[in-house]
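First up is the structure itself, then whatever we jot down about it.
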Amino acid sequence: MADKDDELVEEREAEELERAANEERELEEIRDRRELLDATAETAEAIRLAEANEAASIRHREFADAERRQARSDHAHGNHLLDEAAARPDEPGADATAAAGRRYQRAGDREDREAAYDDRVADRYAGARVEQAPASDAARRPAQPPEARKFIQPRKTKKRAKDTGLDLDL
């Protein structure tokens with residue numbers, strides 16, 4: 001009889017140990033899932049920030065290119081006006097033409113400075129890095145490679161028809 005009681009006690013203890021082990025496994029799985037979700041969220045945020053930085057860098061490069069083209073045009077126009085004023089210094093309005101040429105030269109210089117500024121801003125965006133997690137996090141959590149982003153396409157903007165005010169259907 002004592003043997004049966006001992007066996008029942010041992011069975012109950014074994015069941016309790018098994019139940020405790022199952023609960024511990026479930027808690028560990030929940031923790032792992034939460035850590036994976038956190039890592040995925042961090043990766044998605046890092047990708048989003050990197051894309052935003054890249055878009056800002058491209059935008060500022062385009063600004064700089066446009067400003068350089070405008071500066072080149074202003075310098076050329078200013079040189080033309082200055083040459084014209086120098087070729088005919090005795091004509092009426094030669095002083096005004098030279099002044100206009102100097103204004104275009106200054107405008108070109110300003111555009112060059114703005115282009116250089118936009119290049120520096122683009123460099124800062126291109127060089128910006130998202131802060132990495134501390135090494136202690138890496139020790140706790142195995143590295144998860146970023147998930148591939150399939151079927152992502154850039155947004156398409158609607159092109160508006162330019163209204164020239166002319167009716168071509170006569």
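Taking all protein chains into account, the per residue accessible area for the stretch 7-127 stands at 73 Å² (1.4 Å probe).
Multiply the residue gap between S73 and E18 by 0.36 nm, knock off their C-alpha separation, and tell me the result in nm, one decimal place. Before the final figure, lay out the partial values.
Working: separation 55, 0.36 × 55 = 19.80 nm, distance 8.20 nm.
Result: 11.6 nm gained on full extension.
Computed from backbone phi, the HN-Hα couplings of the stretch 109-118 come to 4, 4, 4, 4, 5, 5, 5, 5, 4, 5 Hz, rounded to whole numbers (Karplus: 6.51 cos²θ - 1.76 cosθ + 1.60, θ = phi - 60°; Gly and Pro given as x).
Based on alpha-carbon centroids, what's the gap between the stretch 85-121 and the stretch 43-63 in Å, whole number please? What the calculation gives is 35 Å, centre to centre. Computed on protein heavy atoms with a 1.4 Å probe, the accessible areas place T97, T40 in the order T40, T97, largest first.
Working with all protein chains in place, sort S57, S73 by solvent-accessible area computed with a 1.4 Å probe, largest first. Please list the in-between numbers first.
Numbers: S57 15, S73 65 Å².
These residues rank, largest area first, as S73, S57.
With a 1.4 Å probe rolled over the protein heavy atoms of all chains, the accessible area of E84, E13 falls in the order E13, E84, largest first.
The HN-Hα couplings worked out from phi for the stretch 25-37 by the Karplus form 6.51 cos²θ - 1.76 cosθ + 1.60 (θ = phi - 60°) are 4, 4, 4, 5, 5, 5, 4, 4, 4, 4, 5, 5, 4 Hz, whole numbers, x standing for Gly and Pro. Computed from the Cβ-Cβ distance with R0 of 41 Å, the FRET efficiency linking A86 to R59 stands at 0.50. Phi angles across the stretch 64-69 convert, under the Karplus curve 6.51 cos²θ - 1.76 cosθ + 1.60 with θ = phi - 60°, into 3J(HN,Hα) values of 4, 4, 5, 5, 5, 4 Hz, Gly and Pro given as x. The apolar share of the surface of the stretch 1-130, taken as the fraction of accessible area on carbon and sulfur atoms (1.4 Å probe, ligands and nucleic acids excluded), comes to 50 percent.
By a 1.4 Å probe calculation restricted to protein chains, Y125 has an accessible surface near 80 Å², given to the nearest 10.
The values are calculated or read from the model by the stated rules, or taken from the named source; none is laboratory data. Worth saying up front: this structure is predicted, and the values here are computed from it rather than measured. Neighbour counts are summed over all protein chains in view; Cβ atoms, including those assigned to glycine, are modelled from backbone coordinates with ideal geometry. Each accessible area value is taken on the protein alone, full model and side chains, heavy atoms only, with ligands, DNA and RNA left out. Shrake-Rupley method; radii C 1.70, N 1.55, O 1.52, S 1.80 Å.
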